[in-house]
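Written out below as structure tokens is the structure these notes cover.
The values are calculated or read from the model by the stated rules, or taken from the named source; none is laboratory data. Small disclaimer: the values here were computed from a predicted structure and weren't measured. FYI the Cβ positions are ideal-geometry reconstructions off the backbone, even for glycines, and counts take in every protein chain you see.
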Amino acid sequence: MNTDVAEAEAPEQLVARFLCGYHKIWQNYFPGLNKRAHWHVMFSARCSPPEGVSCRSIHRTLYGLYGTDIRTCIERIRDCENDGFVRVLDGSGEPSPASPACLVGATDKLREAFDGHCRETFGDLCGAFGDGKSSRSPDIDCDHPTISAMLSFFNAYDQKWRETCELVVRQKGLTPAYANDAMDHLVTYQYWAIVMLLWSASRFGSGRPDAPALVIDEINSRMWDALRLGHLAIKERVSNLIRWGFFTEQTIKKHKAVALTPVAGSAISESLSETKPILHDLYAKLAPREAAA
């Protein structure tokens, strides 16, 4: 394995680049379906047997990870169905409205898009740990072991992100009620994306000691493609992140700006660095010959 690129880049930067790149790949294949629940619905459908996976099974996973209620789970299934990626069936295999009792199966559109996103993700892994180039290799088999390996990696990183958020929130000294509310929001993709934007622009992610804070308007502009959130929605989320100990407020040329707090920056960097061996394990599972070379 050619490790020049992986060794030249700090582990936290390598992992952050992969994760942010992965979300761009996902958005390219599944535009508008960027919530955590959308992701789990389509992973579950793609892995399901011909008769589909039960809504209750998907909900158990979502509830255990994010506290998602059954109504929200059904709404996310409908979103995926409306875009043609899943089909919703009753127990006899007939089309059915989404409900707690329904089954969710993959469509040909999902299989084609999902397998394409797997191949691009594998290309990025090769870029990180292989030849230093994002080959977008079509050689990977998008079979159950491949999908399971990807799912295991992202579940492991989700847990690390949760632990990072708990550490920052705990040091902020929030009451238990406010801390629980903060955690309910912080595990969503929207908050992760905003925090990672600030981390990447900070001295922790950029390596620049003099990295400036980001003006709110710039955050809004840079997050639009990923989140489709308006200015007021971004402002609300930034205010929450200040309240929860992730951001500190500053002023740049009379414009409100925010920077990552040292506590949050250090915790995120440590978590990302600790994720690198897990990411390499994923590469080793998907490309064992390259990993062993």
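Worth pointing out:
- Residue match in the stretch 213-236 (condition: touching a strand residue (DSSP E or B) at 6+ places or on another chain (Cβ under 8 Å), surrounded by 15 or more Cβ atoms within 10 Å (Cβ to Cβ), within 29 Å of ASP124 (Cβ to Cβ) and not charged (D, E, K, R)): yes
- A count restricted to the stretch 206-240 and to residues that are closer than 14 Å to GLN190 by Cβ, touching a residue at least 60 places away in the same chain (Cβ under 8 Å) and either not in a helix (DSSP H, G or I) or not assigned by TED's automatic domain parsing to the domain that holds THR251 (or both) stands at 1.
- For the stretch 159-186, residues that are within 19 Å of SER273 (Cα to Cα) and in contact with a Phe, Trp or Tyr (Cβ under 9 Å, 6 or more places away or on another chain) total 3.
- Hey, ILE216 β-branched (Val, Ile, Thr) and within 21 Å of GLY32 (Cβ to Cβ) or not: no
Yes or no, residue by residue, for (1) outside the structural domain of GLY173 (by TED's automatic domain parsing); (2) touching a Phe, Trp or Tyr at 6+ places or on another chain (Cβ under 8 Å); (3) among the small types (Gly, Ala, Ser); (4) surrounded by 16 or more Cβ atoms within 10 Å (Cβ to Cβ):
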| site | (1), (2), (3), (4) |
| --- | --- |
| ILE242 | no, no, no, no |
| PHE247 | no, no, no, yes |
| LYS254 | no, no, no, no |
| PRO262 | no, no, no, no |
| SER266 | no, yes, yes, no |
| LYS285 | yes, no, no, yes |
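- Unique residue being touching a Leu at 6+ places or on another chain (Cβ under 6 Å) and either modelled with pLDDT of 95 or more or assigned to a strand (DSSP E or B) (or both) when the list is ALA267, ALA259: ALA267
- Residue in the stretch 30-49 that is surrounded by fewer than 18 Cβ atoms within 10 Å (Cβ to Cβ), part of a helix (DSSP H, G or I) and without any contact (Cβ under 8 Å) to a residue 24 or more places away in the chain present: no
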